[in-house]
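Since the structure comes first, as structure tokens, the remarks are kept for the end.
The numbers here are math on the coordinates, done by the rules we state, and not lab data. In this text the structure is predicted, and so the values were computed from the model without any measurement. Quick reminder, even Gly has a Cβ in these numbers, built from the backbone with ideal geometry, and neighbours come from all protein chains shown.
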Amino acid sequence: MTESVRRTGGEASPEQRLPEWDGDRTGTDAALDDLDGALLGVDPAELGDEDLIREMTSLHRTRLDTLRHATDSALANHLRRTAELETEYLARHPGREVDPSRLRGV
């Protein structure tokens, strides 16, 4: 929880209320399983590399708008999907190239 929420006793944000990420599943997956097979996105493991990048690009492009204007449930879904896709990307590219210009000076 952020300091401002703790200090003021205010309500936690949707991101703070999202359950801890637990590998491939979150604590809310049991509820999502009851959606009568409604898909909340293709399993990232089934996506080709190009499709995985396209999906991540789309989510990152809409991130600020979702954060500022979406409902709590839409934001929670956005966070869940982003975590799923990024986890899959990192699993596929554990030794990804790091741009030296993005490193902070020591």
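Within the stretch 63-79, how many residues turn out to be of a type outside the set (A, V, I, L, M) and either on the phi > 0 side of the Ramachandran plot or surrounded by 12 or more Cβ atoms within 10 Å (Cβ to Cβ) (or both)? Residues in the stretch 63-79 being of a type outside the set (A, V, I, L, M) and either on the phi > 0 side of the Ramachandran plot or surrounded by 12 or more Cβ atoms within 10 Å (Cβ to Cβ) (or both): 5 in total. Specify the residue that is nearest to ASP51 (Cα to Cα); the eligible residues are those in the stretch 80-106 that are of a type in the set (A, V, I, L, M) and surrounded by 10 or more Cβ atoms within 10 Å (Cβ to Cβ). Among them, the one singled out is LEU85.
Residue count for the stretch 51-78 satisfying the condition of being touching a residue at least 60 places away in the same chain (Cβ under 8 Å) and closer than 13 Å to GLY41 by Cα: 0.
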